[in-house]
1. With labels modelled as points extended 7 Å from the Cα through the Cβ direction, what inter-label distance (nm, one decimal) is found for GLU49 paired with ARG124?
2. Once you order the gyration tensor axes a ≥ b ≥ c over the Cα atoms, which shape class does the chain get: rounded for a/c under 1.5, otherwise prolate or oblate by comparing a/b with b/c?
3. Would you work out which of GLY87, PRO57, HIS129 lies farthest towards the positive end of the dipole of the chain, given +1 charges on the beta-carbon of Lys and Arg and -1 on that of Asp and Glu, about the Cα centre?
4. Assigning unit charges at the beta carbon (Lys, Arg +1; Asp, Glu -1) and nothing else, what dipole magnitude in debye, to the nearest 20, does the chain show about its Cα centre?
5. Say each of ASN63 and HIS17 gets a label point 7 Å from the Cα, pointing the same way as Cα to Cβ; how far apart are those two points in nm?
6. Determine the calculated [θ] at 222 nm for the chain from helices alone, applying -39500 (n - 2.57) to every DSSP H run no shorter than 4 residues and normalising by the residue count; nearest 500 deg cm²/dmol.
Amino acid sequence: MKYKHILVALDLSKESHLLIDRAASLAELAGAKVSFIHIDGTHGEIYPELIDIQAEPELKPLNESSNKWLTEFQQYTIFPVEHFWVGTGDLSNKVSLAVTDTDVDLIICGHHHDFLSKIISYSRPLINHSPVDILVVPIPS
């Protein structure tokens, strides 16, 4: 299968660079588009819609520290980013919305190999609800 649009689920850490690099590499080989998504689930669902900060760069939907990370991710890769959706609430629900509203056909997410991730996994609900293929990239501890 030749992927056309890759969605990268990012958390606010340097480990997300590995996911961005993987997406850019695959997209270059397949001639695919790349989009990013970050969902802040720490405060519940503050606002229901996804904000595309790539299309509306003047919007700053999260706190200052989080917005700095988002800007850094946008500047990290030279590969063009189609969309950068930011939202709040449940990651798996918001990713499913982004996938069904666009032509995304591959999701890339990371999974930490540590004790806490064995108990609380953000990738597991995403895998259980995804309508498209998922590439789960192991993130070393």
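Any read-out appearing in this document is the output of simple, stated calculations on the displayed coordinates, not a laboratory observation. Because the structure is predicted, anything quoted here is derived from the model rather than measured. Cβ coordinates were reconstructed from backbone atoms using ideal geometry, including for glycine residues, and neighbour counts include every protein chain displayed.
1. Output for this residue pair reads 3.4 nm.
2. In terms of gyration-tensor shape, rounded.
3. HIS129
4. 400
5. 2.4
6. Details: 5 runs with 51 residues, N = 141.
Per the formula, -10500 deg cm²/dmol.
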